[in-house]
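Shown next, in structure tokens, is the structure this report addresses.
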Amino acid sequence: MNIKKLFGKRNEIIGGHFNELRSKIGLANQTEEYVFSVREEICNQCPLKNGNNCNAMKWLNPSTLEVADYPKDGFIRGCGCRLSAKQRSTLSHCPAGFWGGEFD
């Protein structure tokens, strides 16, 4: 992974946790919170959701929602992220393409 990509991921993680904290203490941006709530609803319907995480041990076909235990053509691996923070990162995208880019 190159240094630019590494720092970009760091910024995603920090931003998500910061927005999660802002939400908990009542300082959240309400427009952003609406987008974050839509993201949460999407993740809640995803078969890769495992508690508060996206299961990195499974693969998903975004078109059919079929789940596999190993890589297959057209399948996307779960990201493994803690969803309550990732959903609140304005820089993050769902690896299956279900959300992201709303703040570009």
Revision key, fill the gap. Checked against (1) under 17 Å from Ala96 (Cα atoms); (2) at pLDDT below 95, Leu6 satisfies every condition except (1)
Check your understanding: Which of the residues spanning the range 9-19 are over 14 Å from Cys81 (Cα atoms) and either surrounded by 15 or more Cβ atoms within 10 Å (Cβ to Cβ) or at pLDDT 95 or above (or both)?
Key -> Asn19
Check your understanding: So which residues in the range 49-82 are closer than 19 Å to Glu12 by Cβ, in contact with a strand residue (DSSP E or B) (Cβ under 6 Å, 6 or more places away or on another chain) and among the aliphatic types (A, V, I, L, M), if there are any at all?
Key -> Ile76
Check your understanding: So, of the residues in the range 20-78 that are loosely packed, with under 14 Cβ neighbours inside 10 Å and among the hydroxyl-bearing types (Ser, Thr, Tyr), which turns out to be modelled with the lowest pLDDT?
Key -> Thr31
Exercise for review: Could you check Thr31 against (1) out of contact with any helix residue (DSSP H, G or I) (no Cβ under 9 Å at 6 or more places or on another chain); (2) polar (S, T, N, Q); (3) under 20 Å from Gly97 (Cα atoms) and say which number it fails?
Suggested key: (3)
**Study point:** Scan of the range 85-104 for residues that are in contact (Cβ under 8 Å) with a residue 12 or more places away in the chain, more than 14 Å from Glu32 (Cβ to Cβ) and surrounded by fewer than 18 Cβ atoms within 10 Å (Cβ to Cβ), ordered by number
**Key:** Gly97, Phe98
Revision key, fill the gap. The number of residues in the range 47-75 that are under 13 Å from the mean Cα position of the chain (by Cα) and not small (Gly, Ala, Ser) is 7
Check your understanding: What are the pairs, 6+ residues apart or on separate chains, where a residue within the range 37-64 that is touching a residue at least 24 places away in the same chain (Cβ under 8 Å) and assigned to a loop (DSSP other than H, G, I, E, B) has its Cβ under 7 Å from a residue that is polar (S, T, N, Q) and buried (at least 16 other Cβ atoms within 10 Å of the Cβ)?
Key -> Leu48/Asn55; Asn52/Ser84
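The values are calculated or read from the model by the stated rules, or taken from the named source; none is laboratory data. All figures in this text were calculated on a predicted structure; none of them were measured in a lab. Heads up, the Cβs are rebuilt from the backbone with ideal geometry, glycines too, and the neighbour counts pull from every protein chain shown.
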